[in-house]
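Working notes, beginning with the structure itself.
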Amino acid sequence: MLQRKFDKIVQEHYPNAMDAKDTSIHYLGLMQNDHNINVSRVLMATSVCSDDINVPSTTFFNVLFGPFILGGLGGLPFAGITGMTAFAHHIPDEGTAFIFYGPHIGVTHDGELGKMYRPRQEETGNSCGALMLALSRLQDENYKPTISENDYQQMKLEESLLPYRNEFVDSENPQKAITDTAYKIIDQKVHEYVKACKNEFSVDKVALLGGVVINTDYGLDDYFDARNFQVVDLKSL
Ligand SMILES: [Zn+2]
């Protein structure tokens, strides 16, 4: 019952979002049928936020090997070129690489974005915590993140968001807007790192699926708003 209620709430904000099961069936089907990818020889990498709530989202694709974890706070691929290179070296022979990436955002059954009820907690909490913290800091126009080795990922996340500040602070829904901005940053970096590491892959194809993971209540399916699905031919890069 509650799952169906979430269907409606999620559709209002993200009309194209699909639940976890539909997402995995749809994209595994596309890989297999339209792109001739043998899904039993696919290694997955993820670039999603470290948040524990995202662990079930990456099991969307639990028939695949992996995941190789590229992501850190906010979903940025903090493992960088070295991480992408290592991932490239781990692909099964005659196999395919698959990268699932994007930020996440919670939604409550009252339709509030950026919040969610976490396991065994009475009150709502932020989701994505890293992005919502960045938002609260960047709402002060004088705020400048200071890179620190003890808070490296959060500071780098805020530094990456800073040039796009105007896109989200004045938006009608800043929580949703900062998540969209984070998606753009992650998407750019994933493409950049794949290109930089193209000669490290022993296979020809890398499948990419990027979008926004939408977290609902604990125990209920997450949703995924796909923004990019492509099979990159590494020889053409
Ligand atoms: Zn997060």
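Since every read-out is calculated from the coordinates, none of them should be taken as a lab result. These numbers were taken from a predicted model, which means no experiment stands behind them. Neighbour counts are summed over all protein chains in view; Cβ atoms, including those assigned to glycine, are modelled from backbone coordinates with ideal geometry.
Helix 20-29 against the longest principal axis of the chain: what's the angle in degrees, Cα atoms only, rounded to the nearest 10? Roughly 20 degrees between the two axes. Over what distance in Å are the Cα centres of the range 89-136 and the range 2-31 separated? Here the answer is 15 Å between Cα centres.
Neighbours of L234 by Cβ distance under 15 Å: Lys/Arg scored +1, Asp/Glu scored -1, total -1.
Think of the range 156-237 as a dipole: +1 on every Lys or Arg Cβ, -1 on every Asp or Glu Cβ, centred on the Cα centre; then among G210, I186, Q230, Q230 lies furthest on the positive end.
If you fit an axis through the alpha-carbon atoms of helix 129-138 and take the longest principal axis of the Cα set of the chain, what angle between them do you get, 0 to 90°, nearest 10? It works out to around 60 degrees. Ranked by the mean number of other Cβ atoms within 10 Å per residue, highest first, peptides 75-84, 31-40, 192-201 order as 75-84, 192-201, 31-40. With all pairs of different alpha carbon atoms counted, what Kirkwood hydrodynamic radius in Å does the range 79-131 show? With all distinct Cα pairs of the range 79-131 included, I get 14.1 Å. Each residue of the range 103-115 was assigned a 3J(HN,Hα) from its phi angle through the Karplus expression (A = 6.51, B = -1.76, C = 1.60, θ = phi - 60°), giving x, 10, 9, x, 9, 9, 6, 8, x, 7, 8, x, 10 Hz with x at Gly and Pro.
Summary of packing: across the peptides 124-135, 151-162, the per-residue average of other C-beta atoms within 10 Å ranks them, highest first, as 124-135, 151-162.
Rounded to the nearest 10 degrees, the inclination of helix 152-161 to the longest alpha-carbon principal axis of the chain is 80 degrees.
Partners of K8 within straight-line reach, counting lysines whose Cα lies under 30 Å from its Cα and excluding those fewer than 8 residues away in the same chain: K21, K115, K176, K184.
Residues whose amide H falls under 5 Å from that of T96, counting only those 5 or more places apart or on a different chain, are V42, L43, with hydrogens built in the peptide plane. Temperature 10 °C, viscosity 1.306 mPa s: under these conditions the Stokes-Einstein estimate for the range 2-236, based on its Kirkwood radius over C-alpha pairs, is 88 µm² per second. Of all aspartates and glutamates in the structure, those lying under 17 Å Cα to Cα from K195, and not within fewer than 8 positions of it along the same chain, are D187, D204, D233.
Straight-distance candidates among the lysines for linking to K189, with alpha-carbon spacing under 20 Å and chain neighbours fewer than 8 residues away dropped: K156, K198, K205, K235. The HN-Hα couplings worked out from phi for the range 173-181 by the Karplus form 6.51 cos²θ - 1.76 cosθ + 1.60 (θ = phi - 60°) are 10, x, 5, 5, 5, 5, 5, 5, 5 Hz, whole numbers, x standing for Gly and Pro.
The helix-only estimate of mean residue ellipticity at 222 nm for the chain, built from DSSP H runs of length n ≥ 4 each weighted as -39500 (n - 2.57), is -10500 deg cm²/dmol after division by the residue total. When you count the other C-beta atoms within 10 angstrom of each residue and take the mean per peptide, 63-69, 115-121 line up highest first as 63-69, 115-121.
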